Every structure is written in structure tokens, then in C-alpha cells.
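The values are calculated or read from the model by the stated rules, or taken from the named source; none is laboratory data. The structure displayed is predicted, hence computed values, not measured ones. Cβ atoms come from the backbone with ideal geometry, glycine included; neighbour counts cover every protein chain shown. What goes into the accessible areas is simple: the full protein's heavy atoms, side chains included, and nothing from ligands, DNA or RNA. Shrake-Rupley method; radii C 1.70, N 1.55, O 1.52, S 1.80 Å.
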Amino acid sequence: LGTLAVLGGIVLLFYIQNYRFSKRMLEDTQALAAQVIHSLPAALVVTDPRGVISLSNRSGLEMLGLSARDEAPLSLHDAPSLNWQALMDELDDGAVILERDMDLFRSGANPLPVSLSAAKIIGSGQVSLGYLFILRDLGEIRKLQKQLRQSERLSAFGNLAAGVAHEIRNPLSSIKGY
């Protein structure tokens, strides 16, 4: 009987140690995931199947023009700008949205060009758990593209002006020499 109690105690200690190790690993993994999510420069929004936001980083709330208030759960349907229901219907039909350029219309501000990626989150048993949306602000990129196009136009104009000057100078040099 004493041997059985000692053996049971050893097994119990093993399970307790394994439980503590697993709990610590889970906490570390959760901390890492939270840090990655909150430090992403892109907007990350996770919703349930009805569009109620269950997880979002600060960039996501700011980009959608929502504030983290404690009274009521936030919903994508409260966020103006995109036809969220059409996007969710498209995801329900099996599509995966990758890098789709869209304009995010916010009240009192110019449309914000964004790149949208989205996927449906499927749990065990093929049950829909919700949706994942990642929005990347393309405003700065579009501004740089516009500046690049303007620089290219000015460069082409400069080359044209140099060519015209060269073509005018040759006959003038001949006339002057004559």
C-alpha cells in the first residue's frame, strides 16, 4: 500500500510539473501572439461569423474609425467604408481575398486607398469561427508613385527639350559657319 502511494505521488508530481510547463508555454505563446498582433503596422481585424469584432489591433480600430469602448461590442457593420457583408458572403463562397486594392471611405476624410486581404476562419469540424481581415494603408505608396510618375514626366520633358535644342543648334551652326 505504501509503495502504491509513493508511486501515485510520483505520477501526480509528474503531471503537476507537466501541467505547469504546458501552462507556461501557452502563456508565452499567447504573449508572443499578442505582441505580434499589436505591433503590426497593418490593420488586423478578426470577427465572429456575424461581423462582431473579437480581436483587433490599434491600427485596425484607427483605420476603420472605431474606438475601443467597453459598453458594446464593435461590429464591422458600425464601420463605414466597405461593403463588409459582400466581402463576408464572398468568403463564405470559398474565396480567399489577397491584396485587393480598395478605397476605405471614412466620414469627414478623403478616401484611404488600402490593400485588403481576407480569409474565413474554419475550426474543427469545418465550423466557421469568423473572418480575418488585414488592411494595409497604401496612401504613402500612392503618393510616392505619383511623385515617381511626375519625375518621369519631367525627365522625359527634359530629354525632349535637350533633343530640340540639339536639332536647332545644328542648322544654326551651319548657317553661322556659312
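Any residue in region 55-62 that is open to solvent by less than 90 Å² (accessible area, probe 1.4 Å), of a type outside the set (A, V, I, L, M) and more than 14 Å from the chain's Cα centre (by Cα)?
no
How do the pairs read when you match residues in region 119-134 that are closer than 15 Å to Asp93 by Cβ and among the small types (Gly, Ala, Ser) with residues anywhere that are modelled with pLDDT under 95 and not in a strand (DSSP E or B), using Cβ under 8 Å and keeping only pairs 6 or more apart or on different chains?
Every condition considered, the pairs that remain are Ala119/Leu91; Ala119/Val96; Ser128/Pro49; Ser128/Asp92.
Touching a residue at least 12 places away in the same chain (Cβ under 8 Å), open to solvent by less than 70 Å² (accessible area, probe 1.4 Å), assigned to a helix (DSSP H, G or I) and at negative phi: which single residue out of Met88, Met102 fits that description?
From the options Met88, Met102, the qualifying one is Met88.
Which of the residues belonging to region 17-54 are surrounded by fewer than 16 Cβ atoms within 10 Å (Cβ to Cβ) and in a strand (DSSP E or B)?
Val52, Ser54, listed by residue number.
Looking at the structure I just gave you, is Gly8 surrounded by 10 or more Cβ atoms within 10 Å (Cβ to Cβ) and at positive phi? Even if it seems obvious, please write down each step before you answer.
Values: surrounded by 10 or more Cβ atoms within 10 Å (Cβ to Cβ): yes; at positive phi: no.
No: the conditions fail for Gly8.
Only residues that are within 14 Å of Ala79 (Cβ to Cβ) and modelled with pLDDT of 85 or more: list them for region 51-66, please. Lay out the reasoning, then the answer.
Initially, region 51-66 is screened for residues within 14 Å of Ala79 (Cβ to Cβ), giving 51-53, 56, 59-66.
Gly51, Val52, Ile53, Ser56 - these are the residues of region 51-66 that are within 14 Å of Ala79 (Cβ to Cβ) and modelled with pLDDT of 85 or more.
If you take the residues of region 124-164 that are farther than 30 Å from Ala109 by Cα and in contact with a strand residue (DSSP E or B) (Cβ under 9 Å, 6 or more places away or on another chain), which of them is modelled with the highest pLDDT?
Leu129
Given the criteria open to solvent by less than 80 Å² (accessible area, probe 1.4 Å) and either touching a His at 6+ places or on another chain (Cβ under 8 Å) or not in a strand (DSSP E or B) (or both), does Val114 qualify?
no
Scan region 135-165 residue by residue and report those that are open to solvent by 60 Å² or more (accessible area, probe 1.4 Å) and not in a helix (DSSP H, G or I).
Of everything in region 135-165, those that are open to solvent by 60 Å² or more (accessible area, probe 1.4 Å) and not in a helix (DSSP H, G or I) turn out to be Arg136, Asp137.
Six or more apart or on different chains, Cβ atoms under 8 Å: show the pairs whose first residue is in region 22-40 and of a type in the set (Val, Ile, Thr) and whose second is modelled with pLDDT of 85 or more.
Final answer for the pair search is Ile37/Leu44; Ile37/Leu55; Ile37/Asn57.
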